[in-house]
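Report on the structure given below.
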Amino acid sequence: MEKLFCLGLALGAVGGALLVANSYKMRSFVKKSQAEFMDKVNEMMDEKLKCPNGQCEQGADQPAGTEKSDKKKK
């Protein structure tokens, strides 16, 4: 069963590569999709870098730990 799945996956990848290699529309579609995907990943990584421990879920603009320091000052 696993061998059949891997074979199907490999054949699908080869078939997809052949379609993309022979069609300008498919090539441009793949490039556009990759660019959109990378933009979304970059946005998500920027948000995670602003909140490294996931502590600032409410306001992503504040770095982690500022809420605790504000509470201590009051």
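The values are calculated or read from the model by the stated rules, or taken from the named source; none is laboratory data. From a predicted model like this one, the values you see are computed outputs, not experimental measurements. Here Cβ is always computed from backbone atoms with ideal geometry, including for glycine, and neighbour counts include all displayed protein chains.
Taking VAL41 as the residue in question, decide whether it is surrounded by 10 or more Cβ atoms within 10 Å (Cβ to Cβ) and at pLDDT 90 or above.
Yes: the conditions hold for VAL41.
Just checking, how many residues over region 26-46 are of a type outside the set (D, E, K, R) and within 8 Å of the chain's Cα centre (by Cα)?
Total satisfying the criteria: 5.
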